[in-house]
Amino acid sequence: MNAPNKSGWKPAMNADGESIGGPATHTGNRALMLEEKLIFEIGGTDTTGVDLPAPDLSAPRRMGGLDRDARIGLPGLSEPETVRHYTRLSRQNYAIDLGLFPLGSCTMKHNPRLNEKVARMPGFADLHPMAPSTTTQGALAVIHELGEWLKTLTGMPAVAMSPKAGAHGELCGILAIRAALEARGDARKVVLCPESAHGTNPATAAFAGYEVEDIPATPEGRVDLAALEARLGPDVAAVMITNPNTCGLFERDFRKIADAVHAGGGLVYCDGANFNAIVGRVRPGDLGVDAMHINLHKTFSTPHGGGGPGSGPVVFSEALAPFAPLPFVEKNDDGFVLVEEETAGDRHSNSFGRMTAFHGQMGMFTRALTYILSHGADGLKQVAEDAVLNANYVLRKLEDVLHAPFADSGPCMHEALFGDKGFAEGLSTLDLAKGLIDEGYHPMTMYFPLVVHGAMLVEPTETESKAALDQFIGAMRSVAERAIAGDETLKTAPHYAPRRRLDETLAARKPVLAWAEPAAE
Ligand SMILES: *Cc1c(COP(=O)(O)O)cnc(C)c1O
């Protein structure tokens, strides 16, 4: 198969034994596309990049019988070899600094370099969480000011800053709801979540000990108000509703939903992960929300790719404020005070406890406040408007080729939702996503929300220019047209990536997490 052709060179093959055009290279590299072995396979495991004195084996052993009796088997690379290994790997990664990231329900956004600079200031970055508050006034001022912004932007009277991610914030909100209901001797059992809810919502409610029941959606992709009202009763503790929802739509009936839930004695949790679509334009407090988390990492920048840090402050209504978790930063005449304990009789006396050991994600607070202050109130409003404009542009430019189930439900918010209807037999959303990799894009969110068959959720975000959107739309159109026409080559895409289609199911079911040394010959 690898026979030389007429001019004497062998064609380069991919892992599936297909010619990929051009001659095979000695290294397997293709110009700047560099092949990279596992770190254990470079250099070998019986060398070391560090000079250590030889151990004196005649000296008494002091390991208490725990001496190593096998080879350690660590990769033994020099510093430059190690740096090159990780740099080469990093070049096979996709990043927001390389191109548009269409992932929906995620808001992979802009990470302004200014944020990074501020977060690294030693006065913030090197602070010990147990330093006395007289020495940490600046950091407490940041937490306090960010909290004030969050309260103002959401129209809510109280905020808990310590939860460390969206899901953690949900738990915080639901625990406050549970504490409030228990305080009035009305422990209810059921939490209602819409069908299109993010998986964390039912998981949170179940974790807090509630039974979870679905609320159906209308054909236009919003919560079915009539069905919700019919289900309300003395056993319903709360509803958890995402607004804007995961179909990318604003829940126009939210106020009516909240009023109905309150009339039935329940409380209203709003999943605020999508707040960036409405920040500066809508105050959730005006819609009757009792608790809402804000994913700082989705709305106020901060890198969060690869599972990086999150931060999920929770804003509370008057009804829930007394139950919010400790600690709080308060301002008095002497400066900022960290309230770490409940004080009988004051407004923290009903706090349900703590979510974290310390005060929250300081590195994210500095980034979020930097982002907020550098945009200002008008800039934040423009962020929301531009995010929505960009998503609607993508929706309208693709709806003639991709099935857009809610295209008639009015403008979308910050994300555009498509389904796989119309694809040729045998071709799926997964194939389109793999084709998009060949076009040089990280694929959009797939198969979520579950209410749409073969869902593709695209969130361009406000930072993309029209030129960048047009190129992405062109790539989506091209791959979608191939999926509709039944182009079989899509089934084996990606063709140009360093690795082809991996068996993701096998990798998930039987992960090989440790390198095994090949048996000696
Ligand atoms: C991202 C997201 C969450 C969870 O937030 P994490 O910070 O990832 O824990 C919850 N709900 C919705 C709608 C989300 O998009």
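The values are calculated or read from the model by the stated rules, or taken from the named source; none is laboratory data. Worth saying up front: this structure is predicted, and the values here are computed from it rather than measured. Neighbour counts are summed over all protein chains in view; Cβ atoms, including those assigned to glycine, are modelled from backbone coordinates with ideal geometry. Accessible surface areas use protein heavy atoms only, side chains included; no ligands, DNA or RNA. Shrake-Rupley method; radii C 1.70, N 1.55, O 1.52, S 1.80 Å.
Would you confirm, using the coordinates I've provided, whether residue 57 is more than 16 Å from the ligand (Cβ to nearest atom), more than 40 Å from the chain's Cα centre (by Cα) and assigned to a loop (DSSP other than H, G, I, E, B)?
In short, yes.
Count of segment 109-148 residues, restricted to those that are part of a helix (DSSP H, G or I) and either in contact with a helix residue (DSSP H, G or I) (Cβ under 9 Å, 6 or more places away or on another chain) or closer than 22 Å to residue 331 by Cα (or both), is 24. Beta carbons closer than 9 Å, at least 6 apart along the sequence or on distinct chains, pair a first residue in segment 308-323 that is open to solvent by 30 Å² or more (accessible area, probe 1.4 Å) with a second that is within 15 Å of the ligand (Cβ to nearest atom) and of a type in the set (A, V, I, L, M, F, W, C) for 309/165; 309/364.
Among the numbered conditions (1) in contact (Cβ under 8 Å) with a residue 40 or more places away in the chain; (2) within 11 Å of the ligand (Cβ to nearest atom), the only one that residue 190 does not meet is (2).
Going through (1) out of contact with any Pro (no Cβ under 7 Å at 6 or more places or on another chain); (2) open to solvent by less than 20 Å² (accessible area, probe 1.4 Å); (3) away from the ligand (no atom under 14 Å from the Cβ) one by one, residue 215 falls short only on (1). Annotation: residue 106 fulfils all but one of (1) hydrophobic (A, V, I, L, M, F, W, C); (2) in a loop (DSSP other than H, G, I, E, B); (3) more than 16 Å from the ligand (Cβ to nearest atom); the unmet one is (3). Of all the numbered requirements in (1) over 20 Å from residue 366 (Cβ atoms); (2) surrounded by 15 or more Cβ atoms within 10 Å (Cβ to Cβ), residue 109 misses one, and that requirement is (1). Using the structure shown, decide if residue 387 is part of a helix (DSSP H, G or I), in contact with a helix residue (DSSP H, G or I) (Cβ under 9 Å, 6 or more places away or on another chain) and either among the aromatic types (Phe, Trp, Tyr) or buried (at least 22 other Cβ atoms within 10 Å of the Cβ) (or both). Spelling it out, residue 387 is indeed part of a helix (DSSP H, G or I), in contact with a helix residue (DSSP H, G or I) (Cβ under 9 Å, 6 or more places away or on another chain) and either among the aromatic types (Phe, Trp, Tyr) or buried (at least 22 other Cβ atoms within 10 Å of the Cβ) (or both). Selection of helices (runs of 4 or more DSSP H) fully inside segment 412-510 by the criterion of at least 1 residues being surrounded by 15 or more Cβ atoms within 10 Å (Cβ to Cβ) returns 429-438, 466-485.
Answer yes or no: is there a residue in segment 300-318 that is within 20 Å of residue 203 (Cα to Cα), part of a loop (DSSP other than H, G, I, E, B) and away from the ligand (no atom under 16 Å from the Cβ). No, that holds for no residue. Evaluated against (1) open to solvent by less than 60 Å² (accessible area, probe 1.4 Å); (2) modelled with pLDDT of 85 or more, residue 79 falls short on exactly one condition, (1).
Evaluated against (1) modelled with pLDDT under 95; (2) away from the ligand (no atom under 16 Å from the Cβ); (3) closer than 30 Å to residue 380 by Cβ, residue 245 falls short on exactly one condition, (2). Tell me, yes or no, whether segment 54-62 has at least one residue that is of a type in the set (S, T, N, Q) and modelled with pLDDT under 85. There is no residue in segment 54-62 that is of a type in the set (S, T, N, Q) and modelled with pLDDT under 85.
Quick check on residue 185: is it touching a Ser or Thr at 6+ places or on another chain (Cβ under 9 Å), at positive phi and either at pLDDT below 95 or away from the ligand (no atom under 11 Å from the Cβ) (or both)? I'd like the intermediate steps shown before the answer.
On the way: touching a Ser or Thr at 6+ places or on another chain (Cβ under 9 Å): no; at positive phi: yes; either at pLDDT below 95 or away from the ligand (no atom under 11 Å from the Cβ) (or both): yes.
Answer is no for this residue.
May I ask you to verify whether residue 119 is surrounded by 15 or more Cβ atoms within 10 Å (Cβ to Cβ), assigned by TED's automatic domain parsing to the domain that holds residue 324, touching a Lys or Arg at 6+ places or on another chain (Cβ under 7 Å) and in contact (Cβ under 8 Å) with a residue 60 or more places away in the chain? Here the answer is yes, as residue 119 does meet what is asked. Within segment 148-158, being β-branched (Val, Ile, Thr) and surrounded by fewer than 24 Cβ atoms within 10 Å (Cβ to Cβ) holds for one residue alone: 152.
Go through 204, 134 for me and flag whichever is modelled with pLDDT of 95 or more and among the hydroxyl-bearing types (Ser, Thr, Tyr). From the options 204, 134, the qualifying one is 204.
Within segment 166-182, take every residue that is touching a residue at least 12 places away in the same chain (Cβ under 8 Å) and away from the ligand (no atom under 15 Å from the Cβ) and give me the one that is most open to solvent (accessible area, probe 1.4 Å). For segment 166-182, the residue satisfying everything is 178.
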